[in-house]
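Step one of this worksheet: look at the structure below.
The values are calculated or read from the model by the stated rules, or taken from the named source; none is laboratory data. Model, not experiment: these values are computed from the prediction. Here the Cβ positions follow ideal geometry from the backbone for every residue, glycine too, while neighbour counts run over all protein chains shown.
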Amino acid sequence: MSPFGERQRRLQAFARSSGSSLIELALLAVVALPMVAASVDLAFLFAGVCEVKEVCKLAAMAAGDSLPDEVSPGSPSNRADRVIAERQSAVAELVRFDPQCEVSEKLINPLPNARLGGPFQGSVAETVQADIHVPFVVEPIKSWVPIKIRDQCAFTSTLPSSANSVGPTFSQSSSESSAIPDWMVSITTETLKGYLDYKGSLLSPLVKASVVYSQTFCGVTYSEPYESYYYAGFQPVGCIKHHSLDLIDGAWGTIELKSDGSSALSKEETHAAADLIDRVFLDLYLKRCKVRCVVVPFDAFENVMDGLCQYGFQLTPPEGSSQPITAQTILSIVSNPPGLAERIMY
């Protein structure tokens, strides 16, 4: 074959191979470009979802950061909306947030007494709606993909007191001290006549002392029996626990020894009551609950004071005395009806 013919053959072979390569490149571009575009869209979608989730979390935390909707209507939603509005300008090209989010609250415990204030717990659920921009998707699929994210956040907050101070001091007037507390512990005693009353019995007379606590939230009072004690010979001989002491930590309240008024409390009953006041006071101390005062019947005042002193309490030094008060706790004992009052320390 002549040199000219060989060259012609090679040119024809090269032309055939070049045409095949161009077709392959075109087919590869048709397949690869949509995949690249879809990958970019997925990356935008992932980044947008992460952004919405983060904003939803921050909005939920802001909604639960202060007073709940029950106390300050609309304030949780306003706090959450401000978080969304501040974040919107920074991510406008990626995410468009719905300016009105959905906020729902759930309180674990009822709110404390408004006058006294106190801690409370709950959770807030935040629902954020947004549109995420995906750049390469065309109609009929929208280039802004709608999404809804929900997040929940637990919170612990404190309801501020509407009074000038929390809890009365000893210098406050009786009208201020008689304000309705946000908890009350009531003690009742009775002599069980005929129980274990046999010849030679060491358990007669048998005295039953019962403890009931109540909480007042927003004008509604809830009561639970706490414990029942049995006493014989001024000593506890039995106990029944009915319920845990579910009082809000740090709240104020009053311990009251109640009498039905039909007869004066016996010495056995007043000493049983004094022992129970001591026990309940320590239980309240563990809950960090603050006792305003202990209210006892007027005719049982002296016997209860004697019993408390036997169980570890001491009278405070008289006013004006140079003797220092070294006790950690001072308790005010007042009579009902008024007329007698003492301060004891523990």
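Quick rundown of the values:
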| read-out | value |
| --- | --- |
| Check on residue 194, loosely packed, with under 12 Cβ neighbours inside 10 Å and modelled with pLDDT under 75 | no |
| Any chance residue 330 is within 19 Å of residue 290 (Cβ to Cβ) and at pLDDT 85 or above | no |
| Selection from the stretch 237-293 of residues that are aliphatic (A, V, I, L, M), within 19 Å of residue 225 (Cβ to Cβ) and assigned to a strand (DSSP E or B) | 240, 255, 257 |
| Residue count for the stretch 191-211, restricted to those that are part of a strand (DSSP E or B) and either under 16 Å from residue 274 (Cβ atoms) or touching an Asp or Glu at 6+ places or on another chain (Cβ under 7 Å) (or both) | 6 |
